[in-house]
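A short write-up of the structure that comes next.
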Amino acid sequence: QAILAQGKKTSAAPCPAGKVGGRTEVVAMRALHLPGRRKGQKYVTLEDLALECGCLINLGDTVESLKQVISGKKFCPIHNIHFTINSHEIPNEAQLKDHLDMTTRFLLSWHSPMA
């Protein structure tokens, strides 16, 4: 086991080259931990999403363009992000102003197949 500078232990595997200069080289393997990454559901407004994503939301944009921004933040594909209002899914081709305004609450749900 190798000990990193932060004091965390990680598993170590020998370098494919084996011994170099009389010593065995060790490569530390670390995994990126992203809490809450697999799935989530919450009621939000477009104002909430603008603050969370750090972007401006134009009501003339399509739902899919907003999903692209969320996709980058949540590390999940666009087709796994769903906007629903009154149990009806908002289609990707629709403009935001057709179904929402900046203060309307809707259910944002996502799930990431990558884990």
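Summary of computed values
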item: Selection count where residues are of a type in the set (Val, Ile, Thr) and open to solvent by 20 Å² or more (accessible area, probe 1.4 Å), scope the stretch 61-73; result: 2
item: Residue match in the stretch 5-26 (condition: open to solvent by less than 100 Å² (accessible area, probe 1.4 Å), at pLDDT 85 or above and not in a strand (DSSP E or B)); result: no
item: Which numbered condition ARG38 fails, given (1) modelled with pLDDT of 95 or more; (2) basic (Lys, Arg); (3) under 19 Å from the mean Cα position of the chain (by Cα); result: (1)
item: Neighbours by Cβ (under 6 Å, 6+ apart or cross-chain): first from the stretch 86-106, without any contact (Cβ under 8 Å) to a residue 24 or more places away in the chain; second open to solvent by 40 Å² or more (accessible area, probe 1.4 Å); result: GLU89/HIS82
item: Residues within the stretch 59-74 that are touching a helix residue (DSSP H, G or I) at 6+ places or on another chain (Cβ under 6 Å) and of a type in the set (A, V, I, L, M, F, W, C), tallied; result: 2
item: Residue in the stretch 96-110 that is most open to solvent (accessible area, probe 1.4 Å), counting only those that are more than 19 Å from ARG38 (Cβ to Cβ) and either touching a Ser or Thr at 6+ places or on another chain (Cβ under 6 Å) or of a type in the set (D, E, K, R) (or both); result: ARG105
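Here is a yes/no grid of residues against (1) surrounded by fewer than 15 Cβ atoms within 10 Å (Cβ to Cβ); (2) more than 18 Å from the chain's Cα centre (by Cα):
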| residue | (1), (2) |
| --- | --- |
| LYS42 | yes, no |
| THR45 | no, yes |
| GLY54 | yes, no |
| LEU59 | yes, yes |
| PHE75 | yes, no |
| HIS79 | yes, no |
| ILE85 | yes, yes |
| GLU93 | yes, yes |
| SER112 | no, no |
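The values are calculated or read from the model by the stated rules, or taken from the named source; none is laboratory data. Values in this document were obtained by computation on a predicted structure and should not be read as measured data. In this analysis, Cβ positions are derived from the backbone assuming ideal geometry, glycine residues included, and neighbour counts consider all displayed protein chains. Please note that ligands, DNA and RNA were not included when accessible areas were found on the heavy atoms of the full protein model with its side chains. Shrake-Rupley method; radii C 1.70, N 1.55, O 1.52, S 1.80 Å.
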